[in-house]
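To keep things clear, I will list the structure first and then write my remarks on it.
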Amino acid sequence: MVSLEKLKQLRLIHLCIAITFFTSGVCINLVQLLLHITVKPINERLFRKLMYYLCYSLYSQIVFVADWWAGCRMRVYMDEEDRRTYAGNEHVLLLMNHKYEIDWLTGWMICDKLGVLGNCKAYAKKPIRYVPIIGWGWWLAEFVFLNRNFDKDKEIIAKQLKVVYSYPDPTWLLLNAEGTRFTQSKHEASVKFAEERGMTPLKHHLIPRSKGFTASLATLRGICPVIYDINLAFKPTEKTPSTMLSLLNGKGVEPYMLMRRIPLEQVPEDETEAAAWLQKLFVEKDRIIDSFLETGSFFEKSGVKETPSELLKPRLSSLINFACWVFVSLSSIFYYLITSLLAANWTAFITASSVLGLFYWLMGQAINKTQISKGSSYGATSKSFASTSPPASTK
């Protein structure tokens, strides 16, 4: 008899997950487009209310894989008063370290637990909006897409932030200030850049690119009250790699996350001083991660005030959402396959089978894109950190 652990590793099961996600994704994208055409021109508030549920229905399927399929359990550290009073009840700009293949997913997991998953957005590279399902969904959900050309991007930022924070419900916008995911070669370039500019080299982060952050501040003031600093880590003793492939195979991991609420008025208004503030924050973030990796505690060696932790449980809504899409997607697909086969309609049968093969291939491509080894070369040389304004006072 096949064990549950072995069952979760079967390609047939992975195909069913892929069918569910991509079939539902196409449906959701079509409804998103329909809302853009019919509802948005008449009532933007209603459009954005409805968009929340569509985005939630798509994103929570990936959260289901982490929470229910793989059995991940996230431990979150946050000030008790901030957690009880503010978390999930206000617009937020997120600053998060970008080191792990599933750091984006852990962000979705905490957003789900706090009830803001449908309104979580990000600064993203412009080419992503052309990627089927996720990219199309992000574009239709009004993400901030950038060209990595500051002269063009500062205009996009000023315009799009007003759109993002006009949503009627709390919206969380992620800014990966490091600009790209941490790799050894990029880290070496970051250290070289810091040493050349008299800055503090970072052990666990790349030097943040401050221009995008400082360009956002003028627009953020008055429409987004706070920054949430997120520090994500996995214990060095964790035996399961923190990858999407691990989760798909039903092997869970335990993310640890320290969240700190920083009112935006604490960030200086002057651009140079704001850039220095960001650099100082990342020096502190580096101490926090260093402390965790050495001692298992974010606080013991970092000098940061200790806050209580909570082991977050999965929400039933992500399970119900996925179960509904499984029923609709698989029953429709297999009904079509069986009726085509019984009617000897070989063209329809081969077409449907090809679509299933395409879905499985797309799932493999999506997993590959999350792998650090498949990341872009952006940030691999010290010259690529030119968008960082390096205040000498940060050393």
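Read-outs throughout are calculated quantities, based only on the coordinates presented, and are distinct from any laboratory measurement. Keep in mind the model is a prediction, meaning the values are calculated, not measured. All Cβ positions, glycine included, derive from the backbone under ideal geometry; neighbour counts span all protein chains shown.
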For this session: List the pair-distance distribution P(r) of the range 46-96, using every Cα-Cα distance, as the percent of pairs falling in each 5 Å bin from 0 up to the bin containing the longest distance, rounded to whole percents.
Result: 5, 14, 12, 20, 24, 19, 5, 0
For this session: Taking amide H positions as placed in the peptide plane 1.01 Å from N, state which residues far from GLU178 in sequence (5 or more) or on other chains have amide H under 5 Å from it.
Result: ARG209
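Where Rh is the Kirkwood radius over the Cα pairs of the range 8-108, the temperature 20 °C and the viscosity 1.002 mPa s, what D in µm²/s does Stokes-Einstein return? Show your work: numbers first, answer last.
Values: Rh = 16.6 Å.
In µm²/s, the coefficient rounds to 129.
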Seminar exercise, completed: Computed on Cα atoms, Rg of the range 135-195 relative to 2.2 N^0.38 Å comes out at 1.44
Exercise. Want the number for VAL31 to LEU358: 0.36 nm per residue separation, take away the alpha-carbon distance, what's left?
Worked result: 115.5 nm
Problem set entry | Using distinct alpha-carbon pairs, which all enter the 1/r mean, Kirkwood radius of the range 112-224 in Å | 15.6
For this session: Equivalent ellipsoid semi-axes for the range 210-359, as square roots of 5 times the alpha carbon gyration tensor eigenvalues: give them largest first, rounded to whole Å.
Result: 47, 23, 15
Exercise. For the range 223-292, what size does the Cα cloud have along each of its three principal axes, sorted from largest down, in whole Å?
Worked result: 48, 28, 16
Exercise. Over the C-alpha atoms of the range 29-188, what are the Rg and the largest Cα-to-Cα span, Dmax, in Å?
Worked result: 16.2, 52
Exercise. Do the alpha carbons of any pairs in LYS99/LYS192; LYS159/LYS305; LYS40/LYS126; LYS126/LYS162; LYS113/LYS186; LYS8/LYS113 sit beyond 29 Å of each other, and which pairs?
Worked result: LYS159/LYS305; LYS113/LYS186
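Calculate, for LYS152 and ALA343, the FRET efficiency according to 1/(1 + (r/R0)^6) with r their C-beta to C-beta distance and R0 41 Å; round to the nearest 0.05. Intermediate results must be reported in sequence, preceding the final value.
Values: r = 54 Å, r/R0 = 1.32.
FRET efficiency, LYS152 to ALA343: 0.15.
Using +1 on the beta carbon of Lys and Arg, -1 on that of Asp and Glu, and nothing else charged, what's the dipole of the chain about the Cα centre, debye to 20?
Details: 46 positive and 35 negative charges, 175 e Å.
Roughly 840 debye for the chain.
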For this session: For PHE145, list long-range residues whose amide hydrogen, built 1.01 Å from N in the peptide plane, is under 5 Å from its own amide hydrogen.
Result: ALA124
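Tell me what the chain gives for mean residue ellipticity at 222 nm when only DSSP H runs of n ≥ 4 count, each as -39,500 (n - 2.57), the sum divided by the residue total, rounded to 500 deg cm²/dmol. Could you put the intermediate results ahead of the total?
On the way: 13 runs with 199 residues, N = 395.
Mean residue ellipticity at 222 nm (helix-derived): -16500 deg cm²/dmol.
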Exercise. Expressed as a fraction of 2.2 N^0.38 Å, the rule-of-thumb size for a compact globular protein of N residues, what is the C-alpha radius of gyration of the range 285-327?
Worked result: 1.93
For this session: Along each of the three principal axes of the Cα atoms of the range 260-338, give the extent in whole Å, ordering the values from largest to smallest.
Result: 64, 35, 20
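Suppose every Lys and Arg Cβ carries +1 and every Asp and Glu Cβ carries -1, with no other charges. What dipole size does the range 68-159 come out with about its Cα centre, to the nearest 20 debye?
Dipole of the range 68-159, to the nearest 20 debye: 360 debye.
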Problem set entry | Options ALA323, VAL267, SER340, ranked by Cα towards positive dipole end of the range 252-356, top entry (Cβ charges) | SER340
Seminar exercise, completed: Whole-Å distance linking the alpha carbon centroid of the range 32-78 with that of the range 286-340 is 14
Exercise. Can you give the FRET efficiency for ARG84 and GLU294, using 1/(1 + (r/R0)^6), R0 = 30 Å, r = Cβ-Cβ distance, to the nearest 0.05?
Worked result: 0.45
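Based on the Cα coordinates of the range 107-164, what is the per residue volume of their convex hull in Å³? Kindly include the intermediate steps, with their values, before the conclusion.
Values: hull volume 4.9 nm³, N = 58.
For the range 107-164, the hull spanned by Cα atoms encloses 84 Å³ per residue.
Filter the DSSP H helices in the chain by two things, a Kyte-Doolittle mean of at least 0.5 and an axial alpha-carbon span of 27 angstrom or more, and list the hits by number. If you can, show how the numbers build up before the last one.
Details: long enough: 11-38 (40 Å, 1.60); 44-64 (29 Å, 0.34); 271-295 (36 Å, -0.17); 316-342 (38 Å, 1.66); 346-370 (36 Å, 0.76).
In the chain, the long hydrophobic H runs are 11-38, 316-342, 346-370.
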Exercise. In Å, what Rg and Dmax follow from the Cα atoms of the chain?
Worked result: 21.8, 76
For this session: Towards the positive end of the charge dipole of the range 81-140, with charges on Cβ (+1 Lys, Arg; -1 Asp, Glu), say which of ILE133, GLY88, GLY115 has the farthest Cα.
Result: ILE133
Seminar exercise, completed: Sorting GLY222, LEU202, GLY212 by the position of each Cα along the dipole of the range 202-241 (Lys, Arg +1; Asp, Glu -1; all at Cβ), the one nearest the positive end of that ordering is LEU202
Seminar exercise, completed: By the rule of another cysteine's Cβ lying under 4.7 Å, the cysteines of the chain that fail to get a partner are CYS16, CYS27, CYS55, CYS72, CYS224, CYS324
